[in-house]
């Protein structure tokens, strides 16, 4: 059940944890991705934290655009169409799939698994995308920045690591904000899924016994949480949302209750992830590559 935490002048937070509640709140027209910074100290601090995810000329990263933003609608359709060419894209990243399959099979990898994943994701956008330890560290810095406690966030900004990481990610993405978001923020869930596949494969005869589709259901992880803001008071299904409240959608918690891959990607919603087809296919191919490699080495 959803619950609300209220500290006057500081925060009014609604936490949504069940599948039905999450769908209802996500569909509510008053619930927006962008944060106004109004409604309490926490609102201002979090809005300022997320405001860095934009280019020098003010272009906002896709994950922070509201549902009625015409650029969001156009860009999402274009990217979804490009990422729907699943067969060709999997062929493009076949070397990375093979590397990840070897890691899932026996724990061996020629380089950091995060670097491999970042390169695979980047090459869905640009065939020559080349990840490195430095680019992956930049992604990790941005992931930490978005959720860090205030003192750590202050140090990340003060040290210059924040701007350096943004510059590196945006530069590698050739200014493509969807690529920047995918290779900095969204890729974290794929890394987690690969690690869970490795854990699954290491237990008994799971690698030979479990089919790729079942391995996907077991291992796929959604974002732990995403933040929204209720601009006006509204009731979304069973959940009452006060005006100017922060809304925390506990996506992975809800996904565990409804472990269907499409749910993890909001595949039926206005804000569906454009990668809702390619990421499950990538993960299933990694599992199959692990099975094939293990068979060849037996």
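Between rounded, prolate and oblate, where does the stretch 47-103 land on the alpha carbon gyration tensor, with a ≥ b ≥ c its root eigenvalues, rounded for a/c under 1.5, else prolate if a/b exceeds b/c?
oblate
Take every Cα pair under 8 Å in the stretch 154-229 that's 6+ residues apart, average their separations, divide by the length, and report that relative contact order as a whole percent.
25
Distance in nm between label sites at residue 149 and residue 20, each 7 Å beyond Cα in the beta-carbon direction?
3.8
Taking the Cα atoms only, what angle lies between the long axis of helix 113-122 and the longest principal axis of the chain, rounded to 10 degrees?
Around 70 degrees separate the two axes.
List the residues of the stretch 23-56 whose backbone N lies under 14 Å from a point placed 7 Å from the Cα of residue 167 along the Cα-to-Cβ direction.
Correct set: 56.
If you take all C-alpha pairs in the stretch 192-275, what percent of them are over 19 Å apart?
Tail fraction, whole percent: 52.
Show me the ranking of peptides 53-65, 168-180 by mean Cβ neighbours inside 10 Å, starting with the highest.
Going from most to least packed, we get 168-180, 53-65.
Sorted from fewest to most neighbouring beta carbons within 10 Å, what does the list 218, 255 look like?
218, 255
Distance in nm between label sites at residue 29 and residue 217, each 7 Å beyond Cα in the beta-carbon direction?
A separation of 3.8 nm, rounded to one decimal place.
Could you state the angle between the C-alpha long axis of helix 70-83 and the longest principal axis of the C-alpha atoms of the chain, as a value from 0 to 90 degrees rounded to the nearest 10?
Helix 70-83 and the main axis of the chain meet at about 10 degrees.
Give the relative contact order (percent, whole number) for the stretch 174-298; include only Cα pairs under 8 Å separated by 6+ residues.
Worked out over the stretch 174-298, it gives 24 percent.
Would you mind calculating the relative contact order of the chain from Cα pairs under 8 angstrom and at least 6 residues apart, reporting the percent as a whole number?
After rounding, I find 28 percent.
Just want the ordering: 3, 266, from fewest to most Cβ atoms lying within 10 Å of their own Cβ.
If I rank by nearby Cβ atoms, fewest first, I get 3, 266.
For residue 41 and residue 202, FRET efficiency with R0 = 45 Å and r from the beta-carbon atoms, rounded to 0.05?
The value I calculate is 0.50.
Mind checking the full-extension length gain between residue 134 and residue 158? Use 0.36 nm per residue of separation minus the Cα-Cα distance, one decimal, nm.
Difference between extended and current length: 6.7 nm.
Checking the a/c ratio against 1.5 first, then a/b against b/c, what shape does the Cα gyration tensor give for the stretch 85-147? Could you put the intermediate results ahead of the total?
On the way: a/c = 2.14, a/b = 1.26, b/c = 1.70.
The shape class here is oblate.
Which angle between 0 and 90 degrees, to the nearest 10, do you get for helix 41-50 versus the longest principal axis of the chain when only C-alpha atoms count?
The angle comes out near 40 degrees.
Each reported figure results from applying straightforward, stated rules to the coordinates on display, with no laboratory input. Since we're looking at a predicted model, the values are computed, not measured. Cβ atoms come from the backbone with ideal geometry, glycine included; neighbour counts cover every protein chain shown.
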